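Just so you know, all these numbers are worked out from the coordinates, no wet-lab data involved. Just so it is clear, the structure is predicted and the values come from calculations on it, not from any experiment. When we count neighbours, we look across all protein chains shown, and the Cβ atoms used for this are built from the backbone with ideal geometry, even at glycine.
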Amino acid sequence: MGKSGLGAQRRERLNALREAALHRPVVARHLSDGFNGRWSRRQWAQASLVATLGMLVAAIIPGFSPGHDAPLPAARMSMALPLPSLPVARLHGQSGDSWQLVRVERGQTLASLFKQFGISPTTLHEVLQQPGARESLTKLKPGAELAFDLPVGEGGKGGELRALRFDRDATHRVELTLEGDDIRQKVIERPSETRTVVLSGKVGRSLFRSARKLGLSPKNINTLTDDIFKYDIDFNDDVGANDRFSVVVEQTWREGELISTGPVLAATFTTGNKLHTGFRFERNGKAEYFTGDGRPLKKSFIRMPIPYARLTSGFGARRHPVLGRMRMHKGVDYAARPGTPIMAAGDARVLSAGWQGGYGNAVVLDHGRGYTTLYGHMSRIGKIKRGQRIAQGTVIGYVGSTGMSTGPHLHYEFRINGAHRNPLSITMPPPEPLSGGALAQFRQQTSVALTRIRKVENIIYADAGTAEPKQLAMAGAKKNGRKG
């Protein structure tokens with residue numbers, strides 16, 4: 001037999017052995033192959049192949065691996081707990097089992113709330129007959145809280161009102177209990193506490209938002225921008241995010257809730273490196289704001305008695321638009337939309353208010369010390385009358401085109417002892433400072449507020465190394481007539 005025949009026989013034998021290995025257990029193959037205690041090279045290779053396959057199967061399918069036994073289910077226990085029994089009052093619909101709390105929204109009235117809950121108009125009439133109820137309930141302000149006791153079984157609607165709670169004022173709550181035709185009133189005193197606090201912070205992205213977060217009311221913020229610092233700070237261009245403000249106010253708290261914030265007693269505002277201060281003080285029965293040395297922060301006159309207007313004609317000689325000839329223009333003209341409010345340039349007494357020849361509807365104000373102002377061509381005059389004393393900023397009329405006028409505008413004149421002056425260039429008279437006993441009282445009254453602000457600012461700037469505490473100390477020294 002040639003070499004090719006021997007090779008063919010060997011290949012047939014190998015194929016037969018391979019088929020047997022795939023269809024028989026390893027041990028069986030060993031026995032059938034005549035295992036003599038020692039494995040041949042072929043047997044070692046076959047055993048390695050089987051072991052490798054086993055390891056791959058165990059790695060791919062975790063369930064075959066002894067290290068990933070399924071966890072045994074945890075033992076569970078159950079207990080039957082009885083629910084609390086329903087109160088008898090709830091079962092029978094008696095008083096006290098359902099209070100519906102309502103916060104009044106804009107436009108809501110007591111009648112509309114009664115209708116919302118299905119309470120009869122007769123009950124409404126009976127409630128309003130109780131002492132003090134009409135005064136408290138007929139002029140509900142948005143945010144006020146009322147509580148209605150109504151039957152639970154009817155979903156809080158359509159049932160007979162059993163009780164009503166409302167606040168008579170900041171410290172007293174009234175509860176009306178209705179039993180048939182009888183109404184009993186109980187007044188509950190709610191004690192409150194008033195604290196004088198200093199609220200201090202940075203302007204940030206929005207002065208209004210930052211001040212509101214501190215607890216200042218919108219009225220407090222308007223006081224800062226419109227009454228105290230309006231003449232010294234341009235809040236549109238002069239204020240940066242890192243500028244600081246401190247405000248002294250009185251807050252009233254009740255049962256842990258802030259219920260009201262009083263007027264601004266004192267304030268400081270730092271723009272850049274400049275410190276501005278303002279202190280509240282009543283002069284002649286009227287609250288004003290002053291600098292630390294007793295000078296009013298409010299100027300005697302405002303330059304422009306009309307907001308959002310455009311100057312169309314200045315002071316001096318010009319060709320009159322109606323008469324067509326050169327004529328002295330004794331004031332300045334501001335063009336604005338018809339109906340735009342016109343404000344008094346300063347505190348004054350009304351000299352005249354009515355029709356005045358070519359001025360049309362006009363108002364003349366006497367500001368004292370020889371200063372008067374005139375406002376002409378109004379569409380209508382405000383709610384003022386001759387001889388009345390009015391404050392700076394009071395609306396005295398509205399823009400129009402009455403008299404010798406070619407379009408809606410305000411003609412504004414400024415006079416000193418009867419002589420016309422240009423209101424855009426004249427040096428306005430300074431306001432009268434405090435003096436004598438009023439100044440002494442002012443210093444005594446405001447020293448407490450200044451001390452409070454200085455204490456808070458010193459704490460805030462203790463590690464900042466800025467100049468605010470030093471500036472406050474200088475302001476206090478100046479206020480008390482000493483050099484800083």
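Only alpha carbons enter this Debye calculation for the stretch 361-426, each as an equal point scatterer, and the log10 of I(q)/I(0) it gives at q = 0.13 Å⁻¹ is -0.38.
Per-residue 3J(HN,Hα) values for the stretch 441-450, derived from phi via the Karplus relation 6.51 cos²θ - 1.76 cosθ + 1.60 with θ = phi - 60°, read 5, 4, 4, 5, 6, 8, 4, 5, 5, 5 Hz in sequence order (x marks Gly and Pro). Placing pseudo-labels 7 Å out from each Cα toward the beta carbon at Ala335 and Ser447 gives an inter-label distance of 5.8 nm.
In straight Cα distance, which aspartates and glutamates are under 19 Å from Lys455, not counting same-chain residues fewer than 8 positions off? By straight Cα distance, Lys455 reaches Asp243, Glu250, Asp463, Glu468.
Please give the contour-minus-distance gain from Phe235 to Leu214: 0.36 nm per residue of separation, less the Cα-Cα distance, rounded to one decimal in nm. Walk me through the numbers on the way to the answer.
Values: separation 21, 0.36 × 21 = 7.56 nm, distance 1.90 nm.
Once the chain is fully extended between Phe235 and Leu214, it gains 5.7 nm.
Work through the residues other than Val364 whose Cβ is under 12 Å from its Cβ and net out their charges, Lys, Arg +1 and Asp, Glu -1. Once positives and negatives cancel, what remains is +1.
To the nearest 20 debye, what charge dipole does the stretch 93-189 have about its Cα centre, counting +1 at the Cβ of each Lys and Arg and -1 at the Cβ of each Asp and Glu?
That gives a dipole near 420 debye.
On the beta carbon distance between Glu179 and Lys141, with R0 = 35 Å, the FRET formula returns roughly 0.70. Distance between the 7 Å Cα→Cβ label points at Val197 and Arg295: 3.4 nm.
About its Cα centre, what dipole magnitude does the stretch 233-317 give when the only charges are +1 on Lys and Arg Cβ and -1 on Asp and Glu Cβ, stated in debye to the nearest 20?
Values: 11 positive and 10 negative charges, 91 e Å.
It comes to approximately 440 debye.
Convert 4 °C to kelvin, take the viscosity as 1.567 mPa s, use the Kirkwood radius over C-alpha pairs of the stretch 93-189 as Rh, and evaluate the Stokes-Einstein diffusion coefficient in µm²/s, rounded to a whole number. Numbers along the way, then the final one.
Details: Rh = 13.5 Å.
Translational D for this selection: 96 µm²/s.
Evaluated over the stretch 93-189, the count of Lys pairs having alpha-carbon atoms less than 23 Å apart is 5 (only pairs 8 or more residues apart or interchain).
Rg then Dmax, both in Å and based on the Cα atoms of the stretch 310-421: 13.3, 38.
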